[in-house]
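What follows is a set of notes on a single structure, which appears directly below.
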Amino acid sequence: MVYNILYILTIVLEFVTVPIFLKHYWPEKCVKSMTFKMISATLFVLCGIFAIKISGNNTPYADLIMWGLAFGWLGDLLLHWLKNKIVIYVLGVVAFLTGHIFYLIALQKAIETTYPAARIFEWYEILFVAVIVIGITIFAIIKGFYKDRAGITAGLTAYGVLLLAMLAKSARYAIGEWAYGTNDNMVAVFITVLGGGLFFAVSDILLGYIIMFKDKKRILRIINIVTYFIAQILLASSILVVRSAYPFY
C-alpha cells in the first residue's frame with residue numbers, strides 16, 4: 001500500500017515540477033531550471049522503482065526499462081549542465097541513444113516471452129523505419145542539411161532510426177497482445193507501452209525540428225519537454241503490466 005501511494009505521488013509531483021522547470025528554463029537555462037529538471041528526471045526513475053515494488057516484476061524487462069530510465073536521467077543532466085556545444089551533443093545524444101537501446105531490448109524481451117519463435121525484427125517494422133528514414137534523409141539532402149550541418153544531421157538520423165525502431169517495437173507488442181489476448185490489462189498496455197513510444201516519438205521528432213530549423217518558439221519547447229516526461233513516466237509504469245507474472249528466466 002505504501003508503494004502504491006509513493007507511485008501515485010511521483011506522478012502527481014511530476015505534473016508540479018515540470019511546469020516549474022519550464023518557467024525557469026525560459027529564456028535561458030539557470031540553476032533553478034536545472035534543479036527542477038533533475039527533480040523531474042529523478043521522479044520518473046522513482047516511478048519505475050515503485051512500479052517494481054508494487055508488481056513484484058523482477059524480470060529482465062523491468063531491469064532493462066530501469067536502465068533506460070537511468071540513461072534518460074543522465075542525458076537530462078548532460079544536456080542541461082555542460083556548456084560546450086560539441087560535448088553536449090555527443091554525450092547527451094549517446095546517453096539517450098543508450099536509453100533507447102535498453103527500451104528496444106526490453107520490448108523485444110517482452111515479445112519473445114509471449115511469442116518464443118518471434119523474429120527480432122519483422123518485415124513491417126523494417127519497412128516502417130526504412131520508409132520514414134529514407135523520406136527524412138531525402139528531405140535533409142534537398143534542404144542542404146548534410147552539406148551545412150553534416151555531423152548534427154547524421155547524429156539525428158542515427159537517433160531517429162533507434163527512436164522509430166522503438167516505436168515500431170512498442171506498437172508490435174501492444175497490438176500483438178490485443179490480437180492474441182495474452183494480457184489481461186490491455187488498456188494499460190496500450191497506454192503505457194504504445195503511449196510511451198508515441199509520446200517519445202512526438203517529443204524527439206519535434207526536438208529534431210527545433211534543432212535543424214533553429215526554431216525558438218516557446219510553445220514548441222514546451223510540447224517537446226512535456227511529451228518527453230510523459231513518455232518516461234508511461235514507460236516506467238509499463239513495468240506494472242508487461243509480463244510481470246511471467247519471468248523471462
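Is the C-alpha gyration tensor of the stretch 1-147 telling us rounded, prolate or oblate? Criteria: a/c under 1.5 is rounded; beyond that, a/b larger than b/c is prolate, otherwise oblate. Can you show the working numbers first?
Details: a/c = 2.37, a/b = 1.04, b/c = 2.29.
It is oblate, given that a/c is not under 1.5 and a/b is not larger than b/c.
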**OP:** Counting only heavy atoms of the protein chains, get the accessible area per residue of the chain (1.4 Å probe) and round it to a whole Å² value.
**Re:** 51 Å²
**OP:** Can you figure out the FRET efficiency of Y3 with T137, using R₀ = 30 Å and their beta-carbon distance, to the nearest 0.05?
**Re:** 0.10
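From the alpha carbon gyration tensor of the stretch 1-83, can you work out the equivalent ellipsoid semi-axes (sqrt of 5 times each eigenvalue) and give them in Å, largest to smallest? Walk me through the numbers before you get to the answer.
Details: eigenvalues 141, 51, 8 Å².
One finds semi-axes of 27, 16, 6 Å for the stretch 1-83.
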**OP:** For L198, tell me the accessible area in Å² from a 1.4 Å probe, rounded to the nearest 10.
**Re:** 90 Å²
Subject >> Percentage relative contact order, the stretch 15-144, counting C-alpha pairs under 8 Å, at least six apart >> reply: 19 percent
Original post:
Which value in Å does the Kirkwood hydrodynamic radius of the chain take, with 1/r averaged over all unlike C-alpha pairs and then inverted?
Top reply: 18.7 Å
Original post:
Taking the Cα centre of the chain as origin and charging only Cβ (+1 Lys, Arg; -1 Asp, Glu), how large is the dipole, in debye to the nearest 20?
Top reply: 940 debye
**OP:** Return the single residue from G155, G135, G72 with maximal mean-square fluctuation; model: Gaussian network over the chain, springs between Cα atoms under 10 Å.
**Re:** G135
Original post:
Normalised by the residues of the chain, what does the relative contact order come to in percent, with Cα pairs under 8 Å and at least six apart?
Top reply: 25 percent
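The values are calculated or read from the model by the stated rules, or taken from the named source; none is laboratory data. The structure displayed is predicted, hence computed values, not measured ones. All Cβ positions, even for glycine, are placed from backbone atoms using ideal geometry, and neighbour counts span all protein chains on display. With ligands, DNA and RNA removed, areas are computed over all heavy atoms of the protein, side chains included. Shrake-Rupley method; radii C 1.70, N 1.55, O 1.52, S 1.80 Å.
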